[in-house]
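The values are calculated or read from the model by the stated rules, or taken from the named source; none is laboratory data. None of these values were measured; they are calculated from a predicted model. Cβ atoms come from the backbone with ideal geometry, glycine included; neighbour counts cover every protein chain shown. Protein only, heavy atoms only, side chains kept; ligands, DNA and RNA dropped before computing areas. Shrake-Rupley method; radii C 1.70, N 1.55, O 1.52, S 1.80 Å.
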Amino acid sequence: MRVTRRRLGFAAAFVSLALVVSACGGAGEDEDAGGGEAGAPANTAGFDGKTIKLGVLTPLSGTVAVIGKPLTAGNEVWFEALNAKGGIGGKYKVELVQEDTQYQADVAVQQYNKIKGDVVAFTQVLGTAPTLAVLPQLRTDKILAAPASLDALWVREDNLLPVGGPYQVQAINAVDYYLTDGGGSTDSVICTMIQDDVYGEAGQQGIDFAAEKYGFSVANTQRFKVGTENYAGQIGALAGAKCEMVFLVGTPSDAAKIWGTAAQARFAPQWFGQSPSYTGALSQSAIAPYMQQSVLIVAEGTEWGDTSVPGMKTMVDELGKYAPDEKPDYYFAFGYNQARAMTAVLEKAVENGDLSRDGILEASNQLGTVSFEGLTGDYQYGPAAERNPPRASTIFKVDPAKPFGLAKVKYLLESDAAKEFEFKKADL
């Protein structure tokens, strides 16, 4: 069952995760606030005393909807389960207000302005460029948002609530795996192929950092625009440079064409795909044999259905209960983790008796470490200047027999170089 613009009406099976809170202190303060009950949060934008509304800005149409839809389903299932237990603080239900951004920064800004007055926070903003586009307004409006992307810039932003190891960390760990377990060396010809925008540059930044730490040079970098039809030129350039390893930063529709072009050209280096380059449909496509031979994916967590990871069984059970038609999907897990992090903030805000925008930002600053039970690395929150994100990534191989088509090769690899990467605030 999907939830769009309506109250979710199911209970939280995540008993181990639900925080036990007691209402304390006075009502939250907000210029639009009404008089709340003693010890309870006051009414404020996005909260009417009973229901907490959260915004979702995601591509529900276009080529990147293949990420946006399952990721939003992860948001929905978490909150449906939570609502069945009573909601935040055991009494406040959560409702999602969703808008389609089409994966375009200008549309994201329009949709943000459309609903910002109706929500207490945004539990999802998908995409690096859309997040950067709305970030100045988040700062001005004092609103917290959870980015559905992994740029290192998010770590030091007071108005953002990131989850997972940043893209730069993924790239560094991919290089470490290649040099230690993947048959490569610092003498190997290491190259990159990146989406020509801020998302692509995040992956490139990680590769460049790894090059400095491990002592190799990036031999060739090919850039491409989203939606490019013909990649023969870029693949020809990489082949001409005799690249032995290529790190790819793209989204699934472009990645499929890139790997398809490489297969046709019989160019078979060791590819590493940054996490958003993959979707499960690729494992059942015509390029699956090529990907099995030549492609590894660097991402978060574990393979679907791996019950040795505590959080996996619970998530799969929740999926079966609240969205049985939803297929196994890496992006579902990401959205599920996003909702978990936002829940921790909202629980703290309710405990403080303040669901105003200022109150939610303060609650975010008061968070300690949030455990994601192995679905991704635990995140040390608190003031943005002191946050420490996970430094681990998982290396996957393509296996069509597995749910979502990925089998783990190395679980939660945390390289020394990744531990040394420093995070800076976005310069807007």
Of the accessible area of the range 298-428, computed with a 1.4 Å probe and all protein chains kept, carbon and sulfur make up a percent value of 45
Given Ala211, Tyr167, Trp154, which one lies farthest toward the positive end of the charge dipole of the range 100-257, if we put +1 on the Cβ of every Lys and Arg and -1 on the Cβ of every Asp and Glu? Trp154
So how tilted is helix 330-352 from the main axis of the chain? Cα-based, degrees 0 to 90, rounded to 10. 30
Relative contact order of the chain (C-alpha contacts under 8 Å, at least 6 apart) in percent is 20
Rounded to the nearest 20 debye, dipole of the chain from Cβ charges on Lys, Arg, Asp, Glu: 840
In whole Hz, what ³J(HN,Hα) sequence does the range 179-191 give by Karplus (6.51, -1.76, 1.60; θ = phi - 60°), x for Gly and Pro? 7, 9, 10, x, x, x, 8, 5, 8, 5, 8, 9, 9
What FRET efficiency, computed as 1/(1 + (r/R0)^6) with R0 = 51 Å and r the Cβ-Cβ distance, is obtained for Lys419 and Asp48, rounded to the nearest 0.05? 0.70
Normalising by the residue count of the range 35-145, find the relative contact order in percent from Cα pairs under 8 Å and 6+ residues apart. 33
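So how strong a dipole does the range 346-385 carry about its Cα centre when Lys and Arg Cβ are +1 and Asp and Glu Cβ are -1, to the nearest 20 debye?
100
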At what distance in angstrom do the alpha carbon centres of the range 375-408 and the range 240-305 lie from each other? 18
If the reach is capped at under 30 angstrom between alpha carbons, list the lysines near Lys419, excluding any in the same chain fewer than eight residues apart. Lys213, Lys313, Lys348, Lys397, Lys408, Lys410
Per-residue ³J(HN,Hα) for the range 290-306, Karplus 6.51 cos²θ - 1.76 cosθ + 1.60, θ = phi - 60°, Hz, x for Gly and Pro: 5, 5, 4, 7, 10, 10, 10, 10, 10, 8, 10, x, 10, 6, 5, x, 7
Using 0.36 nm times the number of residues separating Gln293 and Ala237, minus their current alpha carbon distance, what extension gain do you get? 18.0 nm
Starting from the amide H of Thr192, placed 1.01 Å from N in the peptide plane, find each other amide H under 5 Å away whose residue is 5 or more places distant or on another chain. Asn220, Thr221, Gln222, Phe247
At most 14 other Cβ atoms within 10 Å and a DSSP loop assignment: could you name the trypsin sites (Lys or Arg not before Pro) in the range 229-323 that fit? Lys242, Arg266
So with the 1.4 Å probe, I'd like the accessible area per residue for the range 276-428, rounded to whole Å². 38
Residues of the range 199-243: accessible area per residue at 1.4 Å, in Å²? 48
Normalised contact order of the range 231-324, rounded percent, pairs of Cα under 8 Å and 6 or more residues apart: 25
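Subtract the Cα-Cα distance of Ala211 and Thr228 from 0.36 nm times their separation in residues, and report this length gain in nm to one decimal.
3.3 nm is the gain from fully extending Ala211 to Thr228.
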Quote the FRET efficiency, to the nearest 0.05, computed for Glu362 versus Asp181 with a Förster distance R0 of 41 Å and r equal to the Cβ-Cβ distance. 0.40
Computed FRET efficiency, Cβ-Cβ of Thr307 and Asp118, R0 45 Å: what is it to the nearest 0.05? 0.70
